[in-house]
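Note sheet for the following structure.
The values are calculated or read from the model by the stated rules, or taken from the named source; none is laboratory data. All values derive from a computational prediction rather than experimental measurement. When we count neighbours, we look across all protein chains shown, and the Cβ atoms used for this are built from the backbone with ideal geometry, even at glycine. Side chains are part of the model used for accessible areas, which takes the heavy atoms of the whole protein and leaves out ligands, DNA and RNA. Shrake-Rupley method; radii C 1.70, N 1.55, O 1.52, S 1.80 Å.
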Amino acid sequence: MTILTAVTSTAAPLAAQGIVKRFGDKAVLNGIDVTVQRGEVVALVGENGAGKTTMLRICAGLLAPDEGVVSIASSPGFCPQDPCLMDLLSTEEHLTLFGAGRGMSRDHARDAGLRLLTSLGFHGSPADLTGELSGGSRQKLNLTLALLGDPEILLLDEPYQGFDRNSYVDFWDLVDRWRDAGKATLVVTHVLTELHRADRVIDLPATPSADTRVSRR
Amino acid sequence: MTTRRIMVICEMHGHTLLRRRLTMLLLVALPLALYLSGHGYVRIEFGGLGLAWAIATVSLFTLQAGRTIDPFLALSGYRPFELLLGRLILLEGVGAALAVLFWVIMSLGEDPPRPATLLVALLVTAGIAVPMGIAIAALVPRELEGVLVLIGIVAVAMVMENNSVLHPLYGSREILNTAALAERDAGIGAATLHALGVASSLWAVSLVAWMTRVRLHLRPPSVAPKPAVASGSPVTTD
């Protein structure tokens, strides 16, 4: 065991420092630091209620910390734990909707999105309404929407929930490709068997304190 | 790009609304039921208030439905005002279409003394109803509370004998009654100004509330960030 006081010396695409978050009287995060470099995959783990999702939402800018600072180089691709879809829109219409936000044309968003869905083993018609999709297919679309536009920073909150075994394996292969492509990836997970696929693991303490255990692969 | 993003929001919510066939049916049925339940000139006022109620309710639910997805759309590049404006264009269009439909129904059914004024009245009513529903959705945290607030506003307008400038639908009621009653002064300038003022205020409130709600808390990285792990924090390596 080695005590380190510094991990980075160059500008990281994602750097969250001294993050404190309270909900009412309850402190969920207490002085947490998370930095993700280019080409690095960091896994965020911890017990239920440790604040993993809260930390990820703060990193994405969806939630403001009570204390601390988040610096982020570009708009991240964010995959929420629960698919955030409009049930009465089709898969294709979701690609158009999120693609327009990323500045993609209708055709470009559709083609890129369908390629990503295929790589995740999505079986369905682009015209199917998302309310009629299976849980796994919804989650694959959810992840695809985060990846649309090829963002440099990926924030993923248990993105493989509902995936079958093959898709789950495909997901971690994709993670390896993102690393090779130089993306900064922060993934919340509680599947400890795959932690070796991450470059670093940040274990959020169950009870709020300044202690954050970090292990290197 | 802004225009394209606004039109995509408008298009997608249009798909969603059109696929809710029962909602589309009720959008017509509610004002029609209120219109038919009235007697004499009150019929037109009830029909108009029913129209406001139906359009405001759909507007409220359209915005409430975006509460979960809008932050993610903002992360993907949408600005809060684009999310709001896309819905406004769609809902004002739906409102205007319904206003014309009810103008035809009321013109055929009532033979109003001032049909042109009636068309203005219904368009103004629909025009106010959209920002009213959106403002309630932006300010009230949940759908149930929003619906109760809306029922309160419309119900007060329906039971209130004397119109009050303090009520958001004051301008609409004034113009509706002017269209329905030949003995009233034909001028609708003050009432129209009131309606425009209310609509503008509701829009301003909605915009501020929505921009606050879907605002992202991001800042670019500094050139040399501080250490990733706070001094003194234990860090373990394998």
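Considering only the stretch B:19-31, state which residues are assigned to a helix (DSSP H, G or I) and either within 9 Å of chain A (Cβ to nearest Cβ) or among the basic types (Lys, Arg) (or both). First the steps, then the outcome.
First pass over the stretch B:19-31, keeping only residues assigned to a helix (DSSP H, G or I): B:19, B:21-31.
Scanning the stretch B:19-31 gives B:19, B:21.
Of the numbered conditions (1) away from chain B (no Cβ under 11 Å); (2) in a loop (DSSP other than H, G, I, E, B); (3) of a type outside the set (S, T, N, Q); (4) open to solvent by less than 10 Å² (accessible area, probe 1.4 Å), residue A:43 fails exactly one; give the number of that condition.
(2)
How many residues, within the stretch A:62-80, are small (Gly, Ala, Ser), assigned to a loop (DSSP other than H, G, I, E, B) and within 7 Å of chain B (Cβ to nearest Cβ)?
Selection size over the stretch A:62-80: 3.
Which of the residues spanning the stretch A:167-217 are open to solvent by 40 Å² or more (accessible area, probe 1.4 Å), touching a Pro at 6+ places or on another chain (Cβ under 8 Å) and either in a loop (DSSP other than H, G, I, E, B) or at pLDDT 95 or above (or both)?
A:211
Are there any pairs with C-beta distances below 6 angstrom linking a residue in the stretch A:16-34 that is more than 14 Å from every other protein chain (Cβ to nearest Cβ) to a residue that is assigned to a strand (DSSP E or B) and open to solvent by less than 40 Å² (accessible area, probe 1.4 Å), with the two at least 6 apart or on different chains, and if so which?
A:28/A:21
When you scan the stretch B:31-50, do you find a residue that is open to solvent by 30 Å² or more (accessible area, probe 1.4 Å) and either touching a strand residue (DSSP E or B) at 6+ places or on another chain (Cβ under 7 Å) or under 30 Å from residue B:5 (Cβ atoms) (or both), even just one?
no
List the pairs whose first member sits in the stretch B:64-80 and is more than 7 Å from chain A (Cβ to nearest Cβ) and in contact (Cβ under 8 Å) with a residue 60 or more places away in the chain, whose second member is open to solvent by 30 Å² or more (accessible area, probe 1.4 Å) and assigned to a loop (DSSP other than H, G, I, E, B), and whose Cβ atoms are under 6 Å apart, counting only residues at least 6 apart or on separate chains?
Cβ pairs passing all conditions: B:74/B:216.
How many of the residues making up the stretch A:85-127 are outside any helix (DSSP H, G or I), within 7 Å of chain B (Cβ to nearest Cβ) and closer than 20 Å to residue A:174 by Cβ? Break it down stepwise before answering.
Let us first name the residues in the stretch A:85-127 that are outside any helix (DSSP H, G or I), namely A:85-90, A:102-105, A:120-127.
Restricting the remaining residues to those that are within 7 Å of chain B (Cβ to nearest Cβ) gives A:86, A:88-89, A:102-103.
Retained after the next criterion (residues that are closer than 20 Å to residue A:174 by Cβ): A:102.
Final tally of qualifying residues: 1.
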